[in-house]
1. Quick one: which residue in ALA89, ALA106 is surrounded by fewer than 18 Cβ atoms within 10 Å (Cβ to Cβ) and small (Gly, Ala, Ser)?
2. Modelled with pLDDT under 85, surrounded by 14 or more Cβ atoms within 10 Å (Cβ to Cβ) and either not in a helix (DSSP H, G or I) or not assigned by TED's automatic domain parsing to the domain that holds ALA89 (or both): which single residue out of LEU297, LEU261 fits that description?
3. Checking the conditions here, which among ALA412, ALA463, ALA417 is more than 36 Å from the chain's Cα centre (by Cα) and at pLDDT 85 or above?
4. Just one of ARG269, ARG238, ARG212 is at pLDDT 90 or above and farther than 30 Å from GLY44 by Cβ; which is it?
5. Quick one: in segment 277-294, of everything that is touching a Lys or Arg at 6+ places or on another chain (Cβ under 9 Å) and not aliphatic (A, V, I, L, M), which residue is modelled with the highest pLDDT?
6. Restricting to segment 119-167, name every residue that is crowded, with 21+ Cβ neighbours inside 10 Å, part of a loop (DSSP other than H, G, I, E, B) and touching a His at 6+ places or on another chain (Cβ under 8 Å).
7. Pull up segment 31-57, narrow it to residues that are within 21 Å of GLY86 (Cα to Cα) and in contact with a helix residue (DSSP H, G or I) (Cβ under 9 Å, 6 or more places away or on another chain), then point me to the one that is surrounded by the fewest Cβ atoms within 10 Å (Cβ to Cβ).
8. Name every residue in segment 422-465 that is closer than 16 Å to ALA394 by Cα and of a type outside the set (A, V, I, L, M), in order of residue number.
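The values are calculated or read from the model by the stated rules, or taken from the named source; none is laboratory data. Quantities reported herein were computed from a predicted structural model and do not represent experimental measurements. We place every Cβ from the backbone using ideal geometry, glycine too, and count neighbours over all the protein chains shown.
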Amino acid sequence: MARHAMLIDLDRCVGCKACVSACKEQWDSGPGAARDWVHTFETGTRAGGDLAVTFYPGLCMQCEAHPCTVDCPTGATSVDANGVVGVDAGVCIGCGNCVAACPYGARHVDPVKNVVEKCNLCAPFVARGEQPACVVTCPAECRVFGDLDDPGSAVSVAAAARGARPLAVPGIDVRPRTLYAGDRARDLVLAQGIARPPRTGWLTSAWDGAARPLTRAVVPGLGALSIGGGLLVNLKARVDRVRREEAEGACALPASRPRTLHRHPAGLRALHWLNALSWIALLLSGVGLLSAARFALLGPAAADAIAGALGGRAALLRLHVAWGLAWAAVVIPLFLLFKGGLRHVWEDVRVSRDDLAWLVRKPLAMAGAWRGPLPPQDKYNAGQKLFAVLVLIATATIVASGLVMTFHLGPAQVVAAAVVVHGLAIALVAAGLAVHLTMAVVIADERPALRSMITGRIDLAHAARHSAKWVARAANEPHPGAPAAPDAKEE
């Protein structure tokens, strides 16, 4: 384990900017972008005879506290084994949130590449045994690179001999590791206000204020509440179910009447489970991509474990994007195909007055506060319709915001907004899924609907109670996917 660092002798710098040119050539920085720079500070006057020029070669200070890593939502900014802070361009989405966190202004969004650029001490080239481009190019030999943990390294020897120190500023405790020699020049540079306290980007503020509480508190809380409530409903419904079955047994249906009805064609069922699998895969990979401490939905350890299992964050991002695009390209057309077009989709999800009344009375009935009959429902009840609408809107939002982040569609502010929108949409779907799964799996009286998504058929008694409109309509006007009598089975 090394601790790589750069030393710059301000007394030797002549301001030629050869280092800047070498860096741009090495890293192909776009116009208006630079990983390092040289600023000129003039002091004194010609009349006073004390006119002086000081050149300040700036770059990433390789802070050991590195606030930039905390505010990078995807974990593109990280610290390697040599203590060097770098940006993985394959993972960076160009939101610019880390730019505000840098006290020394050593970060910016490249307007051509649309990713954050900063000095990484030429880490890939150093790994091959080379020196950073600026060190090799400097004609004044004012730059020295090496391992600070090695007392015999060039940088350690030079630091001791020249009294080099970092550009540390009281009140800004980030522990910069880049060293500067030349006491007078260093003090002059510090006097120019080259550092300011790390700022919190608006993306971080928005995430902390909305997305993080929703994902870390509301969604788990709603999930726990839904499961707990579902179990209580089961306990209450057990007695009611026995009474109802006894009453129904007294006036049993004729033996020739079918007990199951055809509900879902095979293609629609396959699409449903493909969609469910895609949501799980995308949610898990998304959790692995949001890895920074502030943004990690399940904590940085879980994000690192997921990314590590799938070959790293860059590979995980490629998988996430590829799966997401394939899902959007396949599921939506197939969904419309199996549903018979947009008109049938609208008929399935259109909310009626009975649906609105059902949404109010159903929770009361589950809690025992409503004893009267519930408004009759269609093939899908009002809760299922509401969830479907939520998923459709959230899917469009997630796909749109995902495209903005993946392909850097717009300036940094737009990408940052897309991160918040993406997270909020996912959180809302997760909340809806918690309720949806509770209704389908936990509450025993609703499980026939889940079985119908596996077998394609649904219990007649359940359908009559929960989808009376659908059963009545289908008896008179059968249509594809309706419970036509010839397709019914006797159990």
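1. Within the list ALA89, ALA106, the selection yields ALA89.
2. LEU297
3. Answer to the check: ALA463.
4. Checking each option against the conditions leaves just ARG269.
5. Per the criteria, the residue is GLY288.
6. If the condition is that a residue be crowded, with 21+ Cβ neighbours inside 10 Å, part of a loop (DSSP other than H, G, I, E, B) and touching a His at 6+ places or on another chain (Cβ under 8 Å), then LEU121 is the only one that fits.
7. The residue in question is TRP37.
8. HIS422, GLY423, GLY432, HIS436
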